[in-house]
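Taking it in order: structure first as structure tokens, then the write-up.
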Amino acid sequence: MYEAQAAFCEFRDWRTSVMEISHRSDEFMEIYHDAEAQLRRLMGIGDDYAVLFLTGGATGHAAAIPLNLAAAGDTAAYLISGHWSRRALSEAKPHCCAQVVGDSGETEYATLPAAAADIPADAAYLHIVENETVHGLEYPQLPESPVPIVSDMSSNIITRRLDISDYGLIYAGAQKNLGITGVTIVIVRRDLVKPQPHTPSVWDYQKQQKAESMYNTPPVFQIYMTGRVLAWTEQMGGIAAMEKANAAKAKLLYDYLDSSSFYRPHVKDSGSRSRINIPFFLADEQLTADFLAAAEARGLLGLKGHAVLGGIRASLYNSMPLAGVAALVEHMRDFEQQRG
Ligand SMILES: *Cc1c(COP(=O)(O)O)cnc(C)c1O
């Protein structure tokens, strides 16, 4: 953070702020290539995949993906496991024949959808949201699929190891685990990209790939921040270390939730539980506002649940240390003792 603060004023010995450099400058090219190389190294991404740093957020790319991977009239399969997969489906519908092959809405998204048996073999891809940030569901492993998997990893990228060859495309807004809002990472197997004639240029992954994400002005400062976060991740021991820490953090909170009847986790099925976003309720929901106010008073911030689900949500992104989760559990115990 302080490094970024300094770079904001004067970047290295370049006599300029990182905010002022041109995206065509050698300085920026160095930042860009460093960030890309770091991400490739950390995630084990080979040259058969393009790595793009674009704007538009995960929401923008939910619409851009069918414009790049499906030809007009092609079917694309969608597994619906919560708020963000519903959103992705609605963005895809105008651009391709989006077919729902599983939906766990009848459980209020408290479990993952059953394995999809009827994915059309000629579908362009299967879309999943690997970690549902609002409802707190995460695939423990990828579903079986006869077609390439497209995964929204906005909230769980670089939180556990993966094998890139299992994916056709990964996309993620940077703001949860990779830096700050304003840049979206797209990792795509090059041979899958076939933009449609009407795909707008800024959304055309082929054009952006040829131009190294610079068909139009890229988000310079956001890419710089992503590079810093990736360097930090590497220093901390890489993705394997994050995976281990995240497992310990999630276990601490779930163990407490499961031991108490004062609180109620949204997701009870251990095979569906997210390690990263853990929504829960007070058994007496009248106490929610008091719980949040008391948490804030002891420095535990950002615990209010997403408006779609309500209640409380603990987001245990890579930057959250185990001590932060321990402090939350201590608050939960204290509050239960006072009010239970
Ligand atoms: C936050 C989030 C989004 C929305 O990202 P934007 O950058 O706001 O478009 C989409 N999908 C998932 C899984 C998210 O966590």
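The residues in segment 285-340 that are of a type in the set (Gly, Ala, Ser) and not in a loop (DSSP other than H, G, I, E, B) can be counted, and the count is 11. Applying the set (1) within 15 Å of the ligand (Cβ to nearest atom); (2) closer than 14 Å to residue 187 by Cβ to residue 55 leaves exactly one unmet item: (2).
Is it true that residue 90 is free of Cβ contacts under 8 Å to residues at least 12 places away in the same chain and under 20 Å from the mean Cα position of the chain (by Cα)? In short, yes. A Cβ distance below 7 Å, combined with a sequence gap of six or more or placement on separate chains, defines the contacts here; from segment 21-44, residues that are in a loop (DSSP other than H, G, I, E, B) reach residues that are exposed (fewer than 13 other Cβ atoms within 10 Å of the Cβ) in the pairs 23/217. In the condition set (1) open to solvent by less than 20 Å² (accessible area, probe 1.4 Å); (2) more than 26 Å from the chain's Cα centre (by Cα), residue 39 is compliant with all but (2).
A Cβ distance below 8 Å, combined with a sequence gap of six or more or placement on separate chains, defines the contacts here; from segment 149-160, residues that are at positive phi reach residues that are in a loop (DSSP other than H, G, I, E, B) in the pairs 158/177; 158/178; 158/318.
Go through segment 232-273 and give me each residue that's among the aromatic types (Phe, Trp, Tyr), without any contact (Cβ under 8 Å) to a residue 60 or more places away in the chain and surrounded by 16 or more Cβ atoms within 10 Å (Cβ to Cβ).
So the first thing to find is which residues in segment 232-273 are among the aromatic types (Phe, Trp, Tyr), and the list is 232, 254, 256, 262-263.
Next, from what is left, pick out any that are without any contact (Cβ under 8 Å) to a residue 60 or more places away in the chain: 232, 254.
Listed by number, the list holds a single entry, 254.
The residue of segment 81-102 that is farthest from the ligand (Cβ to nearest atom), among those that are assigned to a strand (DSSP E or B) and open to solvent by 60 Å² or more (accessible area, probe 1.4 Å), is 97. Candidates in segment 183-212 are the residues that are within 16 Å of the ligand (Cβ to nearest atom) and open to solvent by 30 Å² or more (accessible area, probe 1.4 Å); of these, the one that is farthest from residue 277 (Cα to Cα) is 202. Residue under question is residue 111, and the condition is that it be more than 14 Å from the chain's Cα centre (by Cα), within 16 Å of the ligand (Cβ to nearest atom) and either at positive phi or surrounded by fewer than 23 Cβ atoms within 10 Å (Cβ to Cβ) (or both); does it hold? Against the criterion (more than 14 Å from the chain's Cα centre (by Cα), within 16 Å of the ligand (Cβ to nearest atom) and either at positive phi or surrounded by fewer than 23 Cβ atoms within 10 Å (Cβ to Cβ) (or both)), residue 111 does not qualify. Any residue at all in segment 67-80 that's closer than 21 Å to residue 203 by Cα, touching a residue at least 60 places away in the same chain (Cβ under 8 Å) and open to solvent by 30 Å² or more (accessible area, probe 1.4 Å)? Yes - at least one qualifying residue is present in segment 67-80.
From the list 215, 254, 224, which residue is outside any helix (DSSP H, G or I) and aromatic (Phe, Trp, Tyr)? Walk me through how you get there before you give the answer.
Working: 254 fails: outside any helix (DSSP H, G or I); 224 fails: outside any helix (DSSP H, G or I).
Going through 215, 254, 224 in turn, just one is outside any helix (DSSP H, G or I) and aromatic (Phe, Trp, Tyr): 215.
Does segment 219-231 include one or more residues that are among the polar types (S, T, N, Q) and closer than 21 Å to residue 25 by Cβ? Yes; the residues of segment 219-231 include at least one that is among the polar types (S, T, N, Q) and closer than 21 Å to residue 25 by Cβ. Of the residues 118, 47, only one is charged (D, E, K, R), farther than 19 Å from residue 193 by Cβ and either more than 16 Å from the ligand (Cβ to nearest atom) or in a helix (DSSP H, G or I) (or both); which? Checking each option against the conditions leaves just 118.
The values are calculated or read from the model by the stated rules, or taken from the named source; none is laboratory data. Worth saying up front: this structure is predicted, and the values here are computed from it rather than measured. No Cβ is skipped: glycine too gets one built from the backbone with ideal geometry, and neighbour counts run over all protein chains shown. Side chains included, ligands, DNA and RNA excluded: accessible areas come from the protein's heavy atoms. Shrake-Rupley method; radii C 1.70, N 1.55, O 1.52, S 1.80 Å.
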